[in-house]
1. Looking only at region 184-192, decide whether some residue is within 19 Å of the chain's Cα centre (by Cα) and assigned to a strand (DSSP E or B).
2. Looking only at region 168-179, how many residues end up being surrounded by fewer than 18 Cβ atoms within 10 Å (Cβ to Cβ) and either among the basic types (Lys, Arg) or touching a residue at least 60 places away in the same chain (Cβ under 8 Å) (or both)?
3. Looking for something at pLDDT 60 or above, of a type outside the set (S, T, N, Q) and surrounded by 15 or more Cβ atoms within 10 Å (Cβ to Cβ) - is there at least one such residue anywhere in region 57-68?
4. Checking the conditions here, which among 148, 139, 83 is farther than 16 Å from residue 191 by Cα and either within 20 Å of the chain's Cα centre (by Cα) or surrounded by 17 or more Cβ atoms within 10 Å (Cβ to Cβ) (or both)?
5. Do any strands (runs of 3 or more DSSP E) entirely within region 75-132 hold 2 or more residues that are over 17 Å from residue 170 (Cβ atoms) and either outside the structural domain of residue 183 (by TED's automatic domain parsing) or among the polar types (S, T, N, Q) (or both), and if so, which?
6. Mind checking whether some residue in region 137-146 is assigned by TED's automatic domain parsing to the domain that holds residue 85, on the phi > 0 side of the Ramachandran plot and among the acidic types (Asp, Glu)?
7. Report yes if residue 126 is touching a residue at least 12 places away in the same chain (Cβ under 8 Å), touching a strand residue (DSSP E or B) at 6+ places or on another chain (Cβ under 6 Å) and more than 17 Å from residue 70 (Cα to Cα), otherwise no.
8. Does residue 133 satisfy being at pLDDT 95 or above and not aromatic (Phe, Trp, Tyr)?
Amino acid sequence: MSNDSCASRVAAQTAERAARVVLTSFVRWHAPMRSRQRDAGFSLIELLVVIVIVGVLVFAVTLSIASGAQRQLQREAERFQALIGQACAQAELSGREIGVVVDPGGYSFRLLSGTAWQEFPDDSALRRRPWVEGMQVELSREGRNVDLSGARAASPQLVCFSSGELTPFALVLTLADAPHYRVSGAEDATLKTERVGAAP
């Protein structure tokens, strides 16, 4: 589990405990008054005060979770861009094509050896990388969506060519309700990461 996921969960638990403390304290404070007025319930103002306090706590937790998801998306997008850039530089220097396989669970790099694609070892910088849990990915080439189901066993959807060129693409990452991020690559291997608004 990532540090951001842990932080969000801790924030939610903290807010829940705080709400319970507020409610418990309010009931204890109100108890002497109710002992004098046993037939009277909470006043409208008292109930509104409790509702406002709980609402503020819930809002704070929501902001914390959204902020954590956005940081995770940005980090994943920037890492994907950096690794694509490294793969393309390595392909040009070595004179051997390097492919990129994107699937719903993550992505990996493969080196063209003869007529076969071989994955990089686990100790390589271009080893397989999993997506953050719950992340959704969409890959497109020339404006057309690529079916990612079963992609891991197929040939690479993207290729860094030894000539310095790259298969043009756009990869969109979404997580929860955070604004989504898009990583795009041009034919000349120019890469760009951008935040493109709220998730649909």
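The values are calculated or read from the model by the stated rules, or taken from the named source; none is laboratory data. Everything numeric here is computed off the predicted structure, so don't read it as measured data. For neighbour counting, all protein chains shown are included, and Cβ atoms are generated from backbone atoms with ideal geometry for every residue, glycine included.
1. The initial filter retains those residues of region 184-192 that are within 19 Å of the chain's Cα centre (by Cα), namely 184, 192.
Remaining after also requiring assigned to a strand (DSSP E or B): 184, 192.
Looking for residues that are within 19 Å of the chain's Cα centre (by Cα) and assigned to a strand (DSSP E or B), one finds at least one in region 184-192, hence yes.
2. 3
3. There is at least one residue in region 57-68 that is at pLDDT 60 or above, of a type outside the set (S, T, N, Q) and surrounded by 15 or more Cβ atoms within 10 Å (Cβ to Cβ).
4. Numbers: 139 fails: farther than 16 Å from residue 191 by Cα; 83 fails: farther than 16 Å from residue 191 by Cα.
Being farther than 16 Å from residue 191 by Cα and either within 20 Å of the chain's Cα centre (by Cα) or surrounded by 17 or more Cβ atoms within 10 Å (Cβ to Cβ) (or both) holds for just one of 148, 139, 83, which is 148.
5. Working: elements: 98-103, 106-113, 116-119.
Where strands (runs of 3 or more DSSP E) fall fully within region 75-132 and carry at least 2 residues being over 17 Å from residue 170 (Cβ atoms) and either outside the structural domain of residue 183 (by TED's automatic domain parsing) or among the polar types (S, T, N, Q) (or both), they are 106-113.
6. Our first condition is that a residue be assigned by TED's automatic domain parsing to the domain that holds residue 85; within region 137-146, this holds for 137-146.
Now narrow it down to the ones that are on the phi > 0 side of the Ramachandran plot: 142-143.
So of that shortlist, the ones also among the acidic types (Asp, Glu) come out as 142.
Taking every residue of region 137-146 in turn, at least one turns out to be assigned by TED's automatic domain parsing to the domain that holds residue 85, on the phi > 0 side of the Ramachandran plot and among the acidic types (Asp, Glu).
7. Working: touching a residue at least 12 places away in the same chain (Cβ under 8 Å): yes; touching a strand residue (DSSP E or B) at 6+ places or on another chain (Cβ under 6 Å): yes; more than 17 Å from residue 70 (Cα to Cα): yes.
The answer is yes for residue 126.
8. Numbers: at pLDDT 95 or above: no; not aromatic (Phe, Trp, Tyr): yes.
No: the conditions fail for residue 133.
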